[in-house]
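Asker: Submitted below is the structure of interest, expressed as structure tokens.
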Amino acid sequence: MPVRATAVKRLKGKDLPASWKPRKAKPIPPDPPADPGDRTVEVTVFNDADETSLDLVGGDRTRVTQGEWLPRPPSFIDDGDSAVFGTSSTAEQGGTTGRVTFDADDGQVRISWKNPWVGPNRITCAVPRELACSARIDQSGAAQATVRISKR
């Protein structure tokens, strides 16, 4: 029986039939995008200032500059009480930033925070000299922040 000759291509030292065609490679899918809400900050404020109520100041002094409230801050925090409020990101690969201002007997208490998509989380607290403030925040995507307001 005679041997039939066929056209042959060479690929990396291997003989392949002439009819062989490489398959088109499928692209590797990208990582899924971040879902809105991937960055949050939950702020817990403890009012340890004797006989001092903290009353929320509205308007531009209390607002979310990036993201949305989750939940909103209360209208006041009585002496000896605490309150939990926070913010959440709303954009893919977005962070969250917010601030609140409370009126106290001795002046205003200002708390601001941020949990960026990239970079460290931050929280700051400014109080009148008659009060003291301690604030800390962890470095997770779902950050927990604690603020204590007390008398000096």
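Readers should treat all values here as calculations from the given coordinates under stated rules, not as data from a laboratory. Nothing here was measured: the structure is a model prediction, and the numbers come from that model. Note: ideal-geometry Cβ built from the backbone for every residue, glycine included; neighbour counts use all protein chains shown.
Asker: What GluC sites (Glu not before Pro) in region 65-152 are in a loop by DSSP, with at most 12 other Cβ atoms within 10 Å of the Cβ?
Answerer: On the way: sites: Glu68, Glu92, Glu130; in loops: Glu92, Glu130.
Filter output for region 65-152: Glu92.
Asker: Can you tell me, using C-alpha contacts under 8 Å and at least 6 residues apart, the relative contact order of region 40-151 as a whole percent? Show your work: numbers first, answer last.
Answerer: Numbers: 304 pairs, mean separation 34.2, N = 112.
For region 40-151, the relative contact order is 31 percent.
Asker: Among bridges DSSP assigns within region 40-151, what percent are antiparallel (round to 5)?
Answerer: On the way: 37 of 46 bridges.
Here the antiparallel bridges make up roughly 80 percent for region 40-151.
Asker: Is region 40-151 rounded, prolate or oblate when judged by the Cα gyration tensor, a ≥ b ≥ c being the square roots of its eigenvalues, rounded requiring a/c under 1.5 and prolate requiring a/b larger than b/c?
Answerer: Details: a/c = 2.17, a/b = 1.79, b/c = 1.21.
In terms of gyration-tensor shape, prolate.
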